[in-house]
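Asks: Next up is a structure, given as structure tokens.
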Amino acid sequence: MTIIYISILIIVLVLNTLMPIFIRTYILRLFEKRKTANVVLYRLRFLQQYIQNLIIVVSMFVFAFAVSKIMARNEINKIILMMIPFLFLLIVVIINQIIYHKVFRIIRNTEITIIADIIEVAKSFLLLMFPSLILTIFKIEILSRLGLNQFINIVVIVLLIIIINVMYPYIVKFFIGAKPIKSKDLRDALNYNMIKQGLKRVEIYEWSSTKSKVANAIVCGVFVKKIFISDYLIKNLSFKEIESVLAHEVGHLKGFHLWIKIALIILAFPIFTALGYMMDSFEEMTKIKIPIPLGIGLFFLAMILFSFLYMFFSRIQERQADKYVIKSGIDINTYISALRKIAMLNDAMTKTNKFDDKFQTHPSFEKRISWLLNSVPNKQ
């Protein structure tokens, strides 16, 4: 039986290596014909999000199941088994980045080396998955041993989620290597802008992204608030445009959007716990064992539904943050110019189809620009 499960592991890894190779080949051939970076990259993202990611998620469960059948059951292996899904995803993410490195070098003319690219994507993955890993280990290895009642367990988990989010700005700063904005004039001007908007304790940083050509801004922190702006954005936008992007991030803070996202995460935890409990109870009461593929399917369906809910609220928050830009007195044309430049700098499509738009955290650039133009009379 061990040989069968080892074969499954090999098949899963081979499948998750061949898929990005196939997609890369198709995308590079498409680029030779179309020569339009944003259209080709949009097709790449579409294939990754709706085909490759589906295969990766299912593979993750199958991989973890096969490993659990091979490894002996003891306390040390129990911890390892909990980390297997995360390790599998990390391996797949690195393999993908190695394979797709050529795509971005050819289509976007990125200058980042493949080693730096791997390190960057590994950091991004750890930054994204770190909270989930901590919560999983804490719940299974600590709370389950303490034997606390369900209410106290929930309270402890909620507190842990808040603590992680309090620490998150420092974690982000460390992982992306953010530093104070180099230009003293820009730094002073942006800090003064924060004070004008009633935010005296917001720290603004920049991070290096010119070689990877990422133009973006990030806000995080529920108590200590930090805004991170990529140097690629700073180099290519005017001060007024940077100011408008900053106003959008301030809109997230003013709207308590980070707290709302924490609430959604807290909501997700009991939902997935309850799903596992219901499946266990069903097996105990009926003596019918739920097939592994069905169990995987149910969790996957729950993940899709929660992701859909999360993205729905995220798009609402983006609209509210854009609304704050108008409210703050920023010239609408300046902000629209900034959005168009960001789309161009990232080789992003400004328009997406209605189906795809429902599965994104941000509305398309064209939707946002259209809404901005319609929100203020006589603006072109």
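The values are calculated or read from the model by the stated rules, or taken from the named source; none is laboratory data. Please read all numbers here as calculations on a predicted model, not as lab measurements. Note that each Cβ is placed from the backbone with ideal geometry, even for glycine, and that neighbours are counted across all protein chains shown. Remember, those area values only see protein heavy atoms, side chains included, never the ligands or the DNA or RNA. Shrake-Rupley method; radii C 1.70, N 1.55, O 1.52, S 1.80 Å.
Asks: Helix 2-34 versus the longest principal axis of the chain: what angle, 0 to 90°, nearest 10, using Cα atoms?
Replies: 20 degrees
Asks: How much FRET efficiency would the formula 1/(1 + (r/R0)^6) give for residue 201 and residue 109, where r is the Cβ-Cβ distance and R0 is 35 Å, rounded to 0.05?
Replies: Efficiency, from the Cβ-Cβ distance: 0.35.
Asks: Using a 7 Å offset from the Cα along the Cα-to-Cβ direction at both residue 340 and residue 353, what is the distance between the two label points in nm, to one decimal?
Replies: Spacing of the two 7 Å Cα→Cβ label points: 2.7 nm.
Asks: What FRET efficiency comes out for residue 132 versus residue 373 if R0 is 30 angstrom and r is the Cβ-Cβ distance? Round to the nearest 0.05.
Replies: Approximately 0.15, to the nearest 0.05.
Asks: If I model a spin label as a point 7 Å beyond the Cα along the Cα-Cβ vector, how far apart are those points for residue 222 and residue 360 in nm?
Replies: Between residue 222 and residue 360, the label points sit 2.9 nm apart.
Asks: Choose one answer from 190, 133, 301: the residue with the largest mean-square fluctuation in a GNM of the chain with alpha-carbon springs under 10 Å.
Replies: Maximum fluctuation in the GNM of the chain, among the listed residues, is at 301.
Asks: Oh, and also: Can you give the helix-only mean residue ellipticity at 222 nm for the chain, where every DSSP H stretch with n ≥ 4 adds -39500 (n - 2.57) and the sum goes over all residues, rounded to the nearest 500 deg cm²/dmol?
Replies: -25000 deg cm²/dmol
Asks: Between residue 124 and residue 286, what is the FRET efficiency for a Förster distance of 30 Å, r being their Cβ-Cβ separation, to the nearest 0.05?
Replies: Here the calculated transfer efficiency is 0.10.
Asks: Sticking with this one: Taking Cα pairs under 8 Å and at least six residues apart, what relative contact order does the range 158-308 come out at, in percent?
Replies: 19 percent
Asks: May I ask you to give the percent of accessible area on the chain that is carbon plus sulfur, with a probe radius of 1.4 Å?
Replies: Carbon and sulfur: 68 percent of the exposed surface of the chain.
Asks: Say each of residue 83 and residue 55 gets a label point 7 Å from the Cα, pointing the same way as Cα to Cβ; how far apart are those two points in nm?
Replies: About 2.8 nm, to one decimal.
Asks: Leaving out ligands and nucleic acids, note down the accessible area per residue over the chain with a 1.4 angstrom probe, in whole Å².
Replies: Counting only protein heavy atoms, the per-residue value for the chain is 55 Å².
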